[in-house]
Amino acid sequence: MHKRLFHLICGPVLFALCLGLIPQSVLPLATRTAVGTMLWMGWWWVSMPVNPAVTALLPIAVNAFFNLVPMSSVTSLYFSDIVVLLLGASMISATWEITGLDKRLAVRSLMLLGPSVKTHIVVWFLVSVVLSSVLPNAVVCALLVPICAAMIRFLSQSDKSDFKPLLSLLFVGIAWGCGLGGLGTPLGGAMNLVAVSYLEQITGHEYFYMDWVVKMVPMMLILVAATLIFLLILEPKNLSLAKTREFIRDEAEKLPELSRDEIYGLVLFITPLVLSFARELYAAWCPGLKPAQLFLICGLISFVLTGKNGKPFATWEQVCPKIEWQLLLLFAGGLALGLLLTQTGATKAVAGAIAQLHLGSGIALLLVIIAVTMIFVEVASNTAAAAIAVPMVISLAHALGEDPVPYVYITAAAFNTGFMFPTSIRAIPIAYGLNPTYLFLSGAVMTSITVVLIALAGRFLFF
């Protein structure tokens with residue numbers, strides 16, 4: 001009780017210290033308020049005196065008192081396209097549990113992967129990397145996390161072992177892999193398209209996507225290898241899945257034939273997934289049919305289908321308790337925090353401070369650029385970090401009299417990461433049971449490693 005009270009108080013105390021101790025001449029009140037909100041939310045997200053979803057609502061409360069930005073711009077983020085996408089995906093995955101499809105997918109996944117813990121770590125991580133290189137990171141994470149959760153939930157029925165450490169590690173691996181996979185191609189996320197736009201402005205001609213692949217895939221492979229090694233080091237000790245082999249085989253034999261309801265659930269998820277990937281084919285004649293709307297429409301369709309015995313395939317009473325409402329709030333809270341930081345000038349203040357350090361053009365400058373960009377990723381989003389950091393480094397490069405293109409590539413590597421805070425796609429596994437403290441502690445180590453790796457590898461690859 002005392003520990004919870006301590007953490008409850010620490011959040012607003014940090015907020016108050018930002019407002020009271022930082023002089024007006026250094027940062028104006030609006031900027032101090034945004035920074036204080038970031039510290040408050042960060043403390044509560046890590047220490048969890050309240051549910052992380054509650055913390056995610058703080059930007060609305062703070063903005064109500066300080067009027068930092070128009071309130072509509074904050075509240076609209078709580079039902080933005082990405083939140084709509086996650087809501088639709090959550091509706092569809094809820095039907096998996098209703099129909100038993102989640103169990104079927106879990107059993108088949110376990111039969112394919114086998115009893116090796118290392119194999120599970122490697123496969124879940126690499127699959128997330130590969131898929132996110134061509135699909136939106138949030139879509140991939142929203143697809144893999146429920147399947148992984150169902151698999152571990154199923155395993156716990158056959159073995160009294162504590163599978164929580166393995167589940168946490170797999171969740172972390174999926175979230176990290178989804179972030180890193182986006183680095184491989186310009187289509188890996190909107191943040192990469194921001195960088196491409198600036199590269200075309202710098203060079204004065206069209207930027208070919210294959211040039212990105214040639215430049216960035218070596219960096220991606222280095223980061224993927226380092227992250228995978230770190231995940232394997234974190235492998236839970238004295239945990240074996242060997243005892244579950246017979247149980248899994250027996251359960252597979254007990255599975256009934258694939259039912260019509262299960263096929264509905266599978267088709268409702270695969271359809272928006274495939275159409276999201278093939279969007280270029282129909283975007284011209286149906287520009288409003290984006291991935292977010294596709295997933296929501298398929299989620300709505302689940303309520304009008306007729307299932308077995310003439311009953312509704314899914315009802316709101318069945319689906320509503322299974323929707324990950326916490327996930328939606330966490331994702332939106334990160335976006336809202338990023339909005340406060342950008343609109344109040346907090347991010348520009350950081351860029352100005354870097355320029356005043358006079359670090360030259362060596363490794364020290366690269367380390368600072370990468371670290372600052374990754375902080376933006378943690379507290380806002382990858383796309384927001386790109387929009388802030390890319391023009392910042394271009395200005396720095398021009399001030400140094402250097403070609404800005406290598407700096408843009410290094411910055412792109414940095415904003416395709418994100419390891420510590422339950423913002424962006426990292427909110428998805430949190431909603432399924434990942435402890436934010438575990439994410440923060442393991443992510444802090446991986447962040448430190450990544451900052452150094454990007455600086456050293458970037459110096460070799462891009463300069």
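With both labels modelled 7 Å from their Cα along Cα-to-Cβ, the Asp211 to Arg4 distance reads 5.7 nm. Compared with the alpha-carbon gap, the fully stretched path from Leu221 to Lys348 is longer by 42.6 nm at 0.36 nm per residue.
Seen through its C-alpha gyration tensor, with square-root eigenvalues sorted a ≥ b ≥ c, region 290-366 comes out prolate because a/c lies at 1.5 or above while a/b is bigger than b/c.
A crude spin-label estimate for the pair Lys322 and Ile449, with each label 7 Å from Cα along the Cβ direction, gives 3.7 nm. Taking Cα centre as origin and charging only the Cβ of basic (Lys, Arg, +1) and acidic (Asp, Glu, -1) residues, the dipole magnitude of the chain rounds to 820 debye. Computed extension length for Lys164-Ser80: 27.0 nm, one decimal, from 0.36 nm per residue of separation with the Cα-Cα distance subtracted. Dividing the convex hull volume of the alpha-carbon atoms in region 1-50 by its residue count gives 54 Å³ per residue.
Ranked by the mean number of other Cβ atoms within 10 Å of their residues, highest first, the peptides 165-171, 180-186 come out as 180-186, 165-171.
Remind me, relative contact order of the chain in percent, using alpha carbon pairs under 8 angstrom and six or more residues apart?
24 percent
Using the Cα coordinates of region 206-329, the gyration tensor eigenvalues translate into equivalent-ellipsoid semi-axes of 34, 31, 15 Å, sorted from longest to shortest.
The packing ranking of peptides 55-67, 388-400, highest mean first, is 388-400, 55-67, where packing means the average number of other beta carbon atoms within 10 angstrom of each residue. Farthest towards the positive end of the charge dipole of the chain, among the residues Asn192, Phe269, Gln343, is the Cα of Phe269, using unit charges on the Cβ of Lys, Arg, Asp and Glu.
Here, P(r) means the percent of Cα pairs in each 10 Å bin from 0 to the largest distance; for the chain it is 4, 19, 29, 27, 15, 5, 1, 0.
Dividing the helix sum by the residues of the chain, where each DSSP H run of 4 or more adds -39500 (n - 2.57), gives a mean residue ellipticity at 222 nm of -23500 deg cm²/dmol. If the Kirkwood radius is taken over C-alpha pairs of region 277-436, then at 20 °C and 1.002 mPa s the Stokes-Einstein diffusion coefficient equals 114 µm²/s.
Our note on the geometry: Cα centres of region 372-405 and region 158-232, 18 Å apart. Of the peptides 317-330, 284-297, the ranking by mean beta-carbon count within 10 Å, highest at the top, reads 317-330, 284-297. Between Ile60 and Thr271, the distance separating the two model label sites (each 7 Å from Cα on the Cα→Cβ line) works out to 3.2 nm. Ordering Tyr78, Tyr282, Tyr407, Tyr198 by the number of other Cβ atoms within 10 Å of each residue's own Cβ, fewest first, gives Tyr282, Tyr78, Tyr198, Tyr407.
For the chain, the residue among Tyr209, Tyr78, Pro422 whose Cα projects farthest onto the positive side of the dipole built from Cβ charges is Pro422.
Every number here is computed from the coordinates shown, using simple stated rules; none is lab data. Model, not experiment: these values are computed from the prediction. All Cβ positions, glycine included, derive from the backbone under ideal geometry; neighbour counts span all protein chains shown.
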